[in-house]
1. Would you mention how many residues in region 154-167 are crowded, with 18+ Cβ neighbours inside 10 Å and either of a type in the set (A, V, I, L, M, F, W, C) or in contact with a Ser or Thr (Cβ under 9 Å, 6 or more places away or on another chain) (or both)?
2. In contact with a Lys or Arg (Cβ under 9 Å, 6 or more places away or on another chain), among the acidic types (D, E) and open to solvent by 20 Å² or more (accessible area, probe 1.4 Å): which single residue out of D184, D229 fits that description?
3. Take region 33-49 and flag every residue that is within 24 Å of S317 (Cβ to Cβ), open to solvent by 10 Å² or more (accessible area, probe 1.4 Å) and not hydroxyl-bearing (S, T, Y).
4. Anything in region 117-136 that is open to solvent by 60 Å² or more (accessible area, probe 1.4 Å), closer than 11 Å to A76 by Cα and not in a strand (DSSP E or B)? List them, or say none.
5. All but one of (1) surrounded by fewer than 17 Cβ atoms within 10 Å (Cβ to Cβ); (2) farther than 24 Å from D275 by Cα; (3) of a type in the set (V, I, T) hold for T30; which doesn't?
6. Report the residue count in region 101-116 for those that are assigned to a helix (DSSP H, G or I) and without any contact (Cβ under 8 Å) to a residue 24 or more places away in the chain.
7. Restricted to region 60-79, and to residues that are touching a residue at least 24 places away in the same chain (Cβ under 8 Å) and open to solvent by 10 Å² or more (accessible area, probe 1.4 Å), which residue is nearest to I321 (Cα to Cα)?
8. So if I check each of W23, W52, which one is open to solvent by 30 Å² or more (accessible area, probe 1.4 Å), of a type outside the set (V, I, T) and over 30 Å from P120 (Cα atoms)?
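The values are calculated or read from the model by the stated rules, or taken from the named source; none is laboratory data. These numbers were taken from a predicted model, which means no experiment stands behind them. Cβ: placed from backbone, ideal geometry, glycine included. Neighbour counts: every protein chain shown. Remember, those area values only see protein heavy atoms, side chains included, never the ligands or the DNA or RNA. Shrake-Rupley method; radii C 1.70, N 1.55, O 1.52, S 1.80 Å.
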Amino acid sequence: MSHETDQQRDAAPTDPPHEDMIWIPGGTFTMGSDEFYPEEAPTREVSVDGFWMDTHHVTNAEFTEFVEDTGYTTFAERPPNPDDYPDADPDNLVAGSAVFTSPNHPVDLQNPNQWWEYVPDADWRHPLGPDSSIEGKMNHPVVHVAYEDAVAYAEWAGKTLPTEAQWERAARGGLEQKRFVWGDDHVVDGQLMANTWQGQFPYENQELDGYERTSPVGAFPPNEYGLYDMAGNAWQWTRDWYSDDPTAGSSASPTCCTPTNPRGVSEEQSIHPQDPTRVPRKVLKGGSHLCAPNYCFRYRPAARYPEPIDTSTNHVSFRCIVEEV
């Protein structure tokens with residue numbers, strides 16, 4: 001079932017503004033899911049205008065070009081500002097980022113500290129720590145990028161980040177109310193369709209898809225719009241502030257009509273009420289290679305996750321869009 005009309009499926013209005021971008025037709029689609037996590041509900045009709053989207057995550061090669069051109073230093077490469085963390089031990093305020101480390105036994109799934117570790121000098125060039133590198137992985141998604149890093153790259157490239165609605169519209173590829181970006185079946189004709197976790201998370205990674213961590217962009221089949229890795233591999237930043245209620249916000253879901261290009265809540269509303277640091281959160285979409293059915297079953301188009309803007313990890317990346325003007 002699809003809301004799309006033949007007119008909405010027309011070819012792009014112009015040539016792509018940059019290489020490796022695909023036109024995502026505007027239209028009305030069903031956003032969200034009532035089947036899994038509460039923050040995805042309710043399902044609702046949303047409309048977006050057409051836009052261009054990168055066919056894949058921003059890669060290490062592309063991010064290298066940006067850094068070499070601008071001299072940019074990422075969030076993870078800068079020591080934290082003590083003024084932002086007044087209760088922290090100054091000795092702990094060192095440059096670094098969060099790295100996944102698999103335990104060798106079952107652990108309490110309510111405690112992510114069992115598998116996440118803040119590693120000094122981990123950054124996009126050194127994804128597992130100072131002794132690691134991206135050599136041989138230039139076509140993998142860049143990781144350890146905080147929100148401001150993604151924005152800086154997008155501005156340099158003459159692009160922007162997608163809204164949550166734009167991202168989900170693109171991920172669904174014109175398929176209405178399907179569990180995954182490729183349909184309802186987890187495995188298609190015996191083929192795993194995305195880089196995700198097989199086995200019991202976080203201690204048993206069977207690597208049936210061939211990858212322990214990130215994979216090269218384009219290693220798995222594209223969706224119906226020709227976009228790669230809209231499920232798994234690495235999470236993707238959007239520019240929308242997060243709320244547990246996806247319909248919250250003045251423009252998100254009026255009862256009288258279908259919202260067009262919704263944006264959701266304000267920055268202040270995105271702050272978790274129990275967070276003493278008062279850090280705003282953005283919406284992540286797409287899931288990653290660490291998503292498993294027994295934990296974080298979020299490599300689905302409706303899935304969403306709140307990420308503090310002062311956070312970078314080795315499973316979060318981004319892709320960009322260009323809006324038609």
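1. Residues of region 154-167 that are crowded, with 18+ Cβ neighbours inside 10 Å, as a first pass: 154, 159, 161-167.
Subsequent filtering for residues that are either of a type in the set (A, V, I, L, M, F, W, C) or in contact with a Ser or Thr (Cβ under 9 Å, 6 or more places away or on another chain) (or both) retains 154, 161-167.
Of the residues in that region, 8 qualify.
2. Numbers: D229 fails: open to solvent by 20 Å² or more (accessible area, probe 1.4 Å).
Just a single option satisfies the conditions, and that option is D184.
3. First, the residues of region 33-49 that are within 24 Å of S317 (Cβ to Cβ): 33, 36-37, 39-40, 48.
Applying the additional criterion that residues be open to solvent by 10 Å² or more (accessible area, probe 1.4 Å) yields 33, 36-37, 39.
Within region 33-49, F36, E39 qualify.
4. Answer for region 117-136, where residues must be open to solvent by 60 Å² or more (accessible area, probe 1.4 Å), closer than 11 Å to A76 by Cα and not in a strand (DSSP E or B): D121, R125.
5. (1)
6. Applying the first criterion (assigned to a helix (DSSP H, G or I)) to region 101-116 yields 112-114.
After this cut, where a residue has to be without any contact (Cβ under 8 Å) to a residue 24 or more places away in the chain as well, the list is 112-113.
Residues that pass the stated criteria total 2.
7. Quick first cut of region 60-79, residues touching a residue at least 24 places away in the same chain (Cβ under 8 Å) only: 60-64, 66, 69-70, 72, 74-77.
When the remaining residues are screened for being open to solvent by 10 Å² or more (accessible area, probe 1.4 Å), the result is 61-62, 64, 69-70, 72, 75, 77.
Values: A61: 18, E62: 15, T64: 19, D69: 21, T70: 21, Y72: 21, F75: 22, E77: 26 Å.
Once the filter is applied, the top-ranked residue is E62.
8. Numbers: W52 fails: open to solvent by 30 Å² or more (accessible area, probe 1.4 Å).
After applying the criteria, what remains is W23.
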